[in-house]
Amino acid sequence: QVQLVESGGQLVHTGASLNLSCAASGRTPLSRYAVGWFRQTPEKDRDFVISSEWHSDKIYSADSVKGRFTISRDNAKNTVFLQMNNLKPEDPAVYYCAAAPCISRYPSQYVYWGQGTQVAVSA
């Protein structure tokens with residue numbers, strides 16, 4: 001069992017950077033899970049953003065965020081981060097982190113989810 005809590009979402013200007021955190025608690029450390037970030041708007045289903053495998057350096061990322069978003073882990077803090085650079089008007093959404101047994105682009109493969117954090121981007 002893992003509990004995930006996202007934080008760091010806020011309103012920023014286009015072109016700005018933002019760092020989201022996903023803090024975990026529970027019996028199994030987050031370092032034993034693949035972790036993914038997804039985002040959702042009222043108009044769309046939950047979309048894949050980026051994910052990190054737990055036992056290798058494998059990372060998957062959506063084409064729309066390649067070169068702008070990176071994922072990293074601090075295992076000592078049981079936390080995963082999403083660094084978002086050069087934010088664009090199409091990036092606003094509720095951002096969710098999730099944990100899975102292995103890396104995937106598909107929300108259905110993720111077992112544990114946080115409650116989400118809102119990111120807004122103004123022109």
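The values are calculated or read from the model by the stated rules, or taken from the named source; none is laboratory data. All of these numbers come straight from a predicted model, not from anything done at the bench. Cβ: placed from backbone, ideal geometry, glycine included. Neighbour counts: every protein chain shown. When the accessible area is computed, the model is the full protein with side chains, heavy atoms only, and any ligands, DNA or RNA have been set aside. Shrake-Rupley method; radii C 1.70, N 1.55, O 1.52, S 1.80 Å.
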Distance in Å, no decimals, from the C-alpha centre of the range 88-123 to the one of the range 34-51 is 4
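Please work out the FRET efficiency for the pair LEU11 and TYR60, using the Cβ-Cβ distance as r and a Förster radius of 30 Å; give the result to the nearest 0.05. Walk me through the numbers before you get to the answer.
Details: r = 28 Å, r/R0 = 0.94.
Plugging the Cβ-Cβ distance into 1/(1 + (r/R0)^6) gives 0.60.
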Whole-percent carbon and sulfur contribution to the accessible surface of the range 72-123 (1.4 Å, no ligands, DNA or RNA) stands at 52
For PHE69, the accessible surface traced by a 1.4 Å probe with all protein chains present amounts, in square angstrom to the nearest 10, to 10
For GLN3 and SER122, extending 7 Å from Cα along the Cα-Cβ vector and measuring point to point gives, in nm, a value of 3.4
With the label point 7 Å along the Cα-to-beta-carbon line of ASP45 and a cut-off under 14 Å to each amide N, the hits in the range 97-123 are 105-110
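With a 1.4 Å probe and every protein chain left in place, work out the accessible area per residue of the chain in Å², rounded to a whole number. Write down the numbers at each step before the final one.
Working: 6390 Å² over 123 residues.
The answer is 52 Å² per residue.
The chain: longest stretch without exposed trypsin sites (Lys or Arg not before Pro) (DSSP loop, at most 10 other Cβ within 10 Å), sites themselves excluded? Walk me through the numbers before you get to the answer.
Values: sites that count: ARG27, LYS44, LYS66.
Counting at most 10 other Cβ atoms within 10 Å as exposed, the longest clean stretch of the chain is 67-123.
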